[in-house]
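Trainee: Got a structure for you, written out below as structure tokens; questions coming shortly.
The values are calculated or read from the model by the stated rules, or taken from the named source; none is laboratory data. The structure displayed is predicted, hence computed values, not measured ones. Glycine gets a Cβ as well: all are built from the backbone with ideal geometry, and neighbour counts include every protein chain shown.
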Amino acid sequence: MSPVHPPITEADLHAYADGQLAPERQADMQIYLTQHPDEALRINAYRAQTRSLRALFAPVLAETLPPRLVQTALPRSPWYGQRLAAGVAIAVVSAASAWFVRGHVDQTVALAPLGAEPALTGFALRAAVAHVVYSPEVRHPVEVSADQEQHLVAWLSKRLGATVTVPSLQPIGYALLGGRLLPGDSGPVAQFMYADAGGQRLTLYLTHEVPTGPNQPATAFQFGQDGKVNVFYWVDKSFGYALSGSIAKPELTRVAHEVYRQLAPG
């Protein structure tokens, strides 16, 4: 008689994504993911989040404790310094996880390898991470779908405190799927998602959280890369815009120019 295998649960999916699923469940999981491709995409998105998180905060965990903390620890016990270091590491990882889930990304960290296109920082990097997280979604790629575009625009305009315009990219081959509200560094930001006939997705990220100091990006287009995600981004008045997609730079350039034309017709 064949053994009865328990059904795959949400806990099993998370354990598999983290590489902690029991060996005896691996075969069941492979069969399940073959039969449920949408869940396989979700697992890939979770793993992308984990890789980004590790890349962002590994340098922090590797930092040496400040001498002031070490000196404070020495008089207490030989083990106190080690416990303090462990506590700091745990705190950093916990905080990093929370910030990542909320869409926060350190503005000074660059993920692009040496020799690649310019690395992303600030809101452009947050836009790339948001693209990686949501573009693979099958069931819930957006919060509000394109068939409720009027409601979507009114809702996001109210939350961002300014009139939001959704570019129409259908004439150049990209249909609006919808949009969502995301937490930014200090307030809400918006993300719109588009797809072409082949299912290739692009996201447009809108934020008020743009630099105001001497390092403020120029209004002209800037280009950067985070892994396989290419991003064109620019600042126009008080808004920052970032168009992200895993497509070739010339095609993304074409779409970015159309977005800019519609958002700043003057």
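Trainee: What do you reckon, is Ile43 assigned to a helix (DSSP H, G or I), at pLDDT 75 or above and over 30 Å from Leu120 (Cβ atoms)?
Mentor: Taking the combined requirement at face value, the residue does not satisfy it.
Conditions tested, residue by residue: (1) within 22 Å of His208 (Cα to Cα); (2) under 16 Å from the mean Cα position of the chain (by Cα).
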site: Glu137; (1), (2): no, yes
site: Glu143; (1), (2): yes, yes
site: Ala154; (1), (2): yes, no
site: Pro183; (1), (2): yes, yes
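Trainee: Next question, about the same structure. Can you confirm whether Asp147 is modelled with pLDDT of 90 or more and exposed (fewer than 14 other Cβ atoms within 10 Å of the Cβ)?
Mentor: Numbers: modelled with pLDDT of 90 or more: yes; exposed (fewer than 14 other Cβ atoms within 10 Å of the Cβ): yes.
Against the criterion (modelled with pLDDT of 90 or more and exposed (fewer than 14 other Cβ atoms within 10 Å of the Cβ)), Asp147 qualifies.
Trainee: Does Arg54 count as within 19 Å of the chain's Cα centre (by Cα) and either loosely packed, with under 15 Cβ neighbours inside 10 Å or at pLDDT below 85 (or both)?
Mentor: Details: within 19 Å of the chain's Cα centre (by Cα): yes; either loosely packed, with under 15 Cβ neighbours inside 10 Å or at pLDDT below 85 (or both): yes.
When the stated conditions are applied, Arg54 passes them.
Trainee: List pairs: first residue in the stretch 1-14 and closer than 16 Å to Pro37 by Cα, second residue at pLDDT below 85 anywhere in the structure, Cβ distance under 7 angstrom, at least six positions apart or on different chains.
Mentor: If the second residue must be at pLDDT below 85, the pairs left are Leu13/Glu39; Leu13/Ile43.
Trainee: Specify the residue that is farthest from Asn230 (Cα to Cα); the eligible residues are those in the stretch 142-158 that are outside any strand (DSSP E or B) and touching a Leu at 6+ places or on another chain (Cβ under 6 Å).
Mentor: Result: Ala146.
Trainee: Consider Val138 carefully, then state whether it is of a type in the set (Val, Ile, Thr) and surrounded by fewer than 21 Cβ atoms within 10 Å (Cβ to Cβ).
Mentor: Criteria met by Val138.
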